[in-house]
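The values are calculated or read from the model by the stated rules, or taken from the named source; none is laboratory data. Values in this document were obtained by computation on a predicted structure and should not be read as measured data. Don't worry about glycine lacking a Cβ; one is built from the backbone with ideal geometry, like all the others, and counts go over all protein chains shown.
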Amino acid sequence: MSREQQAVARARKAFETGRSKSVEHRIRQLKNLQRLFTEKQSVISAAVKKDLNKSEVGTQLYETLGLEGELNTAINHLKEWAAPRPVEKNLLTISDTVYIKPEPLGVVLIIGAWNYPWAVTIQPLIGAIAAGNAAVIKPSEVCVHTAKVMEDLLPLYIDKELYPVVTGGVPETQELLRQRFDHIFYTGNSVVGKLIMEAAAKNLTPVTLELGGKSPCYIDKNCDLTIACRRVAWGKYTNCGQTCIAPDYILCEPSIQDRVIEEVKKAIKEFYTDNPKTCPDYGRIINQRHFKRIMNMLEGSTVAAGGDNEESDCYIAPTVLRDVKPEAKVMQEEIFGPLLPILSVSGLDEAIKFINKGEKPLALYCFSSDNKVINRMTDETSSGGFLANDCLVHFSVGSLPFGGVGNSGMGCYHGKYSFDQLSHLRSCLIKKLNMEGVNSMRYPPHTPKKLGWARFFILNSVDLGWVGRMALLAVMAVVAAVVLQTTSVPFKEKSNVHFKPFHQGDSEPIRSASHRTAVSAQWCYQSQYSCDDTCRDPIRWAAQFPSCGGLRQSPINIVSTKVHVNSALPPFNFIGHTNTINITVENKGHSAHFALPQSFRLTGGALPGHYRAAQFHFHWGGNGRPGSEHTIDGEQFPMELHIVHIKEPYGSLAEAEHDMAGIALLAFLFEESSDDNPHLDSLIASLGRVKNNGSSTVIPNFRLSDIIPSDKDLFSYYRYVGSMTTPGCEQAVAWTLFHRTLPISSRQLDAITQQCRFWTGQPMTDIFRPTQPLDGRVVYRSKAGAALGGVMHWWVGVSSVLLGRTGLIH
Ligand SMILES: NC(=O)c1ccc[n+]([C@@H]2O[C@H](COP(=O)([O-])OP(=O)(O)OC[C@H]3O[C@@H](n4cnc5c(N)ncnc54)[C@H](O)[C@@H]3O)[C@@H](O)[C@H]2O)c1
Ligand SMILES: CCCCCCCCCC=O
């Protein structure tokens, strides 16, 4: 067995143990990579310096910083990415569980290039690990020193069986390509890209090809040429032009060519001094083969600036070429070096024509202060990425897919795109064996009538959440009966039941967790707000978070004489709540969250499914002021505890937010007691350790059952359908507010309210949202001795009222 075969076989065997699939294992490996970049930065930089003469700062700025960002993103979002993704359904599948399950592909081969050896090799590896794969890593042999450092260091930090490094050149890569992989992720030139695809085709292995090509740069005469040329010079001469997305050549009108040359020259001097050769920020050509290749390209072109070179040092000065013709040598292939040809075009039309004559590039740059020019350039061309008025920076935006199109590559990566690219997005539909009548419309004998029903059920897509589905199920049961029994009744196109088709505008788009973080700093509680502040206090939340102005908002005032007593509200079952565990508390800037493990589960209580715990937190006042969110008959209580649970199979609020009962929130009101409640002491002490936004601490040996009564004592509660009480106020909450209050002394209340600070640095007091209008909703109260059998009936009742009110069923 060759060395390459052995590495692949070992990786496959390790993958088959299943360990790469555990999310905890993936996060551990990613954290180990984080440690590698913290602990070995100088070793990494020293090797890159030897290979490409990049400075230590340059290596961090262009390579490892981006990797650190990718690692943070993957670690923070992995659970969300890896969780099942519920999807929109049609009426025929309304009662089924339909979701996408991201699954690892298996063993991935990563073939890296030499120009940003860490970025283009480790970034795909982050995606491969995050997606639960094994990966064979083949660094580019051209970057001799870096390849050696990777071979030495990676096995010290990450699972060496799952993620082996195989070094070597073309023969070794070819031997690897003879093995069977589940995905090949290649970065390099297009010629080799074709060989990779050919080898992959033998096993029908999917490929990602991150290639290059000539990335054009159009400079419109209508723009600030100093700024444009400075940005182009940075994009071109960084890493000596050996950047896949470097602007390859400039297209501009002849009238501005001289100005462009002068401005580029000025920028070169500004960045690299009069003598770039001695400037620590100017790199070298990777080797003499590439040096000769680039120098050969100068043939037949006029040098307007630069041109100095020294073969023994692989040095080529930043160079500008003027009046270059399309037939010139330098225009026949990707330059991948510090030569910047300028070609004349008569204007935008000719520039677009020129670009479209060539292969689709990896990047396309357009400099103009005229939006019409920018819009035409995007609309009338195609490229992997498009940037107006800047170069390169899109590579650093993890929320943008990075990749080529046509000759510049296929597939994309970065951030979640890396995860998806290296996952199999498996379609899952879990149906129950009942409701067979509904299926009869698709079983032979086929009739026009059955087709009519099938059209109706298949062409209507819905997203009504669980409650809506219950109502529709009832309708479907009727339809099943109709289809089965009354085939003589003609099918009516215009049913008196209309299902409003789902479209994006009907509900708030699912916000990513990063978006949540980004916007969270902009809202505040009333207590934080002062006239000179720009933050939004509760009455203005809806301006930024439309759901906060919805018709099912929380908290509410409960008028005890108006609640509906309901015997279909049984007690709860808590699972795991008596376990002793260590929990983490974190100051989130608006409150402190106590994270709970997903193994804590909740069922019963007439909740439509099984729920997993996420966290709990408190709402409080300050200086003797009450701080509960819910009020009863107008009375506000000193403090309120919320325990947040997410319905299975959702993994986050973002996934649950389209389900009316996607979140189960258990609320407890506190009443002042003369004695301390000893069970609160460790929580209160922990708040003293998380005074500032972002700080966290661990509470050892915590038991949730110490702070709340046992489930058998929690049979009496209020239930209504509402929302989260902080932005985005997602209307996805089945609220349960228990009658049993919890005790807290005034000394303890003071201790709680005086310790933490908001994200603004002000004391964290009065953290509650004012009560919201009931807007016609009904609040139910449980009745002792309730039976489980009435649960379905109860939710169908609730849903009909709500759907009727919101106009979903007319
Ligand atoms: N799209 C991107 O993200 C990206 C990033 C970096 C570089 N690039 C492109 O890569 C090119 C430069 O890299 P390169 O190709 O010189 O890098 P390279 O020579 O390092 O080759 C890339 C990889 O392919 C392997 N390889 C080379 N020849 C082979 C063959 N005949 N058979 C099998 N494997 C072979 C090498 O071992 C190496 O690991 C440029 O075109 C550049 O634009 C693209
Ligand atoms: C801050 C801008 C970072 C740019 C890094 C470019 C990396 C390109 C990889 C392809 O060659």
message = Which of the numbered conditions does Ser255 fail, given that it passes all the others? Conditions: (1) in contact with an Asp or Glu (Cβ under 9 Å, 6 or more places away or on another chain); (2) surrounded by fewer than 24 Cβ atoms within 10 Å (Cβ to Cβ).
response = (1)
remark   = Just one listed residue, out of Lys31, Lys79, Lys54, is in a helix (DSSP H, G or I), at pLDDT below 95 and charged (D, E, K, R), and it is Lys79
ask   = Mind checking whether some residue in the range 15-24 is more than 16 Å from ligand 1 (Cβ to nearest atom), acidic (Asp, Glu) and within 21 Å of the chain's Cα centre (by Cα)?
value = yes
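Taking Leu400 as the residue in question, decide whether it is modelled with pLDDT of 95 or more and either aromatic (Phe, Trp, Tyr) or part of a strand (DSSP E or B) (or both).
Taking the combined requirement at face value, the residue does not satisfy it.
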request  = Evaluate the following for Ala131: is it within 29 Å of the chain's Cα centre (by Cα) and within 16 Å of ligand 2 (Cβ to nearest atom)?
outcome  = no
request  = Please work out which residue is farthest from ligand 1 (Cβ to nearest atom), limiting yourself to the range 91-109 and to residues that are within 15 Å of Arg12 (Cβ to Cβ) and touching a Pro at 6+ places or on another chain (Cβ under 9 Å).
outcome  = Leu105
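For the range 399-427, give me each residue that is within 24 Å of Ala233 (Cα to Cα) and away from ligand 1 (no atom under 12 Å from the Cβ). Walk me through it before giving the result.
Restricting attention to the range 399-427, the residues satisfying the condition of being within 24 Å of Ala233 (Cα to Cα) are 400, 402-404, 408.
Passing the criteria: only Leu400.
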inquiry  = Being out of contact with any Asp or Glu (no Cβ under 8 Å at 6 or more places or on another chain) and at negative phi: is that true of Pro361 here?
reply    = no
ask   = What pairs come up if the first residue lies in the range 383-401 and is without any contact (Cβ under 8 Å) to a residue 24 or more places away in the chain and farther than 22 Å from Gln242 by Cβ, the second is away from ligand 2 (no atom under 11 Å from the Cβ) and part of a loop (DSSP other than H, G, I, E, B), and their beta carbons are under 6 Å apart, counting only those six or more places apart or on different chains?
value = Pro401/Cys412
key: Among residues of the range 47-65, those that are within 16 Å of ligand 2 (Cβ to nearest atom) and among the small types (Gly, Ala, Ser), counted   = 2
query = Looking at (1) modelled with pLDDT of 95 or more; (2) surrounded by 15 or more Cβ atoms within 10 Å (Cβ to Cβ); (3) more than 16 Å from ligand 2 (Cβ to nearest atom), which is the only condition Ile44 fails?
reply = (3)
ask   = Looking only at strands (runs of 3 or more DSSP E) that fall completely inside the range 274-344, which ones have 3 or more residues that are hydrophobic (A, V, I, L, M, F, W, C)?
value = 302-305, 339-344
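Based on what the data block shows, is Ala751 buried (at least 16 other Cβ atoms within 10 Å of the Cβ), in contact (Cβ under 8 Å) with a residue 24 or more places away in the chain, of a type outside the set (Val, Ile, Thr) and under 23 Å from Ile684 (Cβ atoms)?
On the way: buried (at least 16 other Cβ atoms within 10 Å of the Cβ): yes; in contact (Cβ under 8 Å) with a residue 24 or more places away in the chain: yes; of a type outside the set (Val, Ile, Thr): yes; under 23 Å from Ile684 (Cβ atoms): yes.
Yes: the conditions hold for Ala751.
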query = Are any of the residues in the range 214-223 modelled with pLDDT of 95 or more, closer than 30 Å to Gly106 by Cα and within 13 Å of ligand 1 (Cβ to nearest atom)?
reply = no
message = within 10 Å of ligand 1 (Cβ to nearest atom) and either within 22 Å of Ile335 (Cα to Cα) or of a type in the set (Val, Ile, Thr) (or both): which single residue out of Val207, Val191 fits that description?
response = Val191
message = Consider the range 240-255. How many of its residues are part of a helix (DSSP H, G or I) and within 16 Å of ligand 1 (Cβ to nearest atom)?
response = 2
task = Might you let me know whether the range 284-299 holds any residue that is away from ligand 1 (no atom under 16 Å from the Cβ) and within 37 Å of the chain's Cα centre (by Cα)?
result = no
key: Filter result (assigned to a loop (DSSP other than H, G, I, E, B), under 19 Å from Trp114 (Cα atoms) and either away from ligand 2 (no atom under 16 Å from the Cβ) or of a type in the set (A, V, I, L, M) (or both)) within the range 203-233   = Leu211
query = Are any of the residues in the range 43-54 away from ligand 1 (no atom under 16 Å from the Cβ) and in contact with a strand residue (DSSP E or B) (Cβ under 7 Å, 6 or more places away or on another chain)?
reply = no
query = Which of the helices (runs of 4 or more DSSP H) contained wholly in the range 134-202 include at least 1 residues that are within 25 Å of His290 (Cβ to Cβ) and within 16 Å of ligand 2 (Cβ to nearest atom)?
reply = 144-157, 190-201
note = Here the residues within the range 126-161 that are buried (at least 21 other Cβ atoms within 10 Å of the Cβ), of a type outside the set (Val, Ile, Thr), in contact (Cβ under 8 Å) with a residue 40 or more places away in the chain and more than 11 Å from ligand 1 (Cβ to nearest atom) are Gly127, Ala128, Ala130, Ala131, Gly132, Asn133, Ala134, Ala135, Leu154
request  = Of all residues in the range 643-679, count the ones that are assigned to a helix (DSSP H, G or I) and surrounded by 23 or more Cβ atoms within 10 Å (Cβ to Cβ).
outcome  = 1
remark   = Output for Cβ contacts, cut-off 7 Å, separation at least six or different chains, first residue polar (S, T, N, Q) in the range 163-177, second surrounded by fewer than 21 Cβ atoms within 10 Å (Cβ to Cβ), reads Thr167/Glu141; Thr167/Glu151
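Run down Asp258, Asp281 and say which single residue is in contact (Cβ under 8 Å) with a residue 12 or more places away in the chain and either away from ligand 1 (no atom under 16 Å from the Cβ) or of a type in the set (A, V, I, L, M, F, W, C) (or both).
Asp281
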query = List the pairs whose first member sits in the range 673-701 and is among the aromatic types (Phe, Trp, Tyr), whose second member is surrounded by 14 or more Cβ atoms within 10 Å (Cβ to Cβ), and whose Cβ atoms are under 7 Å apart, counting only residues at least 6 apart or on separate chains?
reply = none
note = For the range 369-395 the number of residues that are farther than 27 Å from Met197 by Cα, touching a Leu at 6+ places or on another chain (Cβ under 9 Å) and within 16 Å of ligand 1 (Cβ to nearest atom) is 2
message = Here's a check for you: in the range 603-628, which residue that is modelled with pLDDT of 95 or more and aliphatic (A, V, I, L, M) is surrounded by the most Cβ atoms within 10 Å (Cβ to Cβ)?
response = Ala613
query = Any residue at all in the range 12-23 that is aromatic (Phe, Trp, Tyr), in a helix (DSSP H, G or I) and in contact with a Phe, Trp or Tyr (Cβ under 8 Å, 6 or more places away or on another chain)?
reply = no
request  = Answer yes or no as to whether Lys372 is farther than 26 Å from Glu210 by Cα and surrounded by fewer than 16 Cβ atoms within 10 Å (Cβ to Cβ).
outcome  = yes
